[in-house]
């Protein structure tokens, strides 16, 4: 295969998320031109774990209404979706999420002060539906505990944070809630 060097680097986690994004753009052009090897590279990119991982605080109640919650369906189907495509900024944030990132389900509780966390899961891959909307393939944790923590996220559905930022701002209770399996603390 003519892209073996790139495939090896993808599989070894040698690309950062911004490098994977640039590589994807370049390879998509070649795939559209009929390059079958490029299609194989795209499939690997969608399963790639970048060298830099994020924690994503993800809202799951459209219209901030708990009666509209999507998390039950996401857990059942092993996915995480984003439906507010009208927001270019939030769509761009959702597109920054890659395999290996940790999704934490959040709902604002006390406006401007706290949020409740309803669950978490690890992104295992990226897929596209029939309308070419991106979705995340997920391995959701089984836990059912809800905790309240200081609000770290802004008023957005998708809030992407570096692990270091989360470690600096979250109380120890948060990391206990995550448990040893999901904790990224060093």
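In this structure, does residue 7 turn out to be over 21 Å from the mean Cα position of the chain (by Cα) and farther than 30 Å from residue 115 by Cβ? So that I can check it myself, show each step before the final result.
Values: over 21 Å from the mean Cα position of the chain (by Cα): yes; farther than 30 Å from residue 115 by Cβ: yes.
When the stated conditions are applied, residue 7 passes them.
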Report summary line: When every residue in region 58-72 that is touching a helix residue (DSSP H, G or I) at 6+ places or on another chain (Cβ under 9 Å) and at pLDDT below 90 is compared, the one farthest from residue 93 (Cα to Cα) is 68
Report summary line: Only one of 127, 78, 100, 119 is on the phi > 0 side of the Ramachandran plot, loosely packed, with under 15 Cβ neighbours inside 10 Å and assigned by TED's automatic domain parsing to the domain that holds residue 167, namely 78
Query raised in the report: Can residue 86 be described as surrounded by fewer than 15 Cβ atoms within 10 Å (Cβ to Cβ), outside the structural domain of residue 148 (by TED's automatic domain parsing) and more than 17 Å from the chain's Cα centre (by Cα)?
Result: no
Query raised in the report: Would region 58-76 turn up any residue that is within 30 Å of residue 4 (Cβ to Cβ) and in contact (Cβ under 8 Å) with a residue 40 or more places away in the chain?
Result: no
Requested in this report: Please go through region 137-161 and pick out each residue that is surrounded by 16 or more Cβ atoms within 10 Å (Cβ to Cβ), at pLDDT 85 or above and either touching a helix residue (DSSP H, G or I) at 6+ places or on another chain (Cβ under 7 Å) or over 15 Å from residue 84 (Cβ atoms) (or both).
Outcome: 137, 138, 140, 141, 149, 151, 157, 158, 160, 161
Query raised in the report: Are there any pairs with C-beta distances below 6 angstrom linking a residue in region 159-180 that is over 17 Å from residue 146 (Cα atoms) to a residue that is in a helix (DSSP H, G or I), with the two at least 6 apart or on different chains, and if so which?
Result: 160/93
Report task. Search region 59-69 for residues being more than 18 Å from residue 142 (Cβ to Cβ) and under 17 Å from the mean Cα position of the chain (by Cα), and hand back the single one that is surrounded by the most Cβ atoms within 10 Å (Cβ to Cβ). Result -> 59
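The values are calculated or read from the model by the stated rules, or taken from the named source; none is laboratory data. Being a predicted model, the structure only gives us computed values, none of them experimental. Cβ sites come from the backbone with ideal geometry, for glycine too, and all protein chains shown count toward neighbours.
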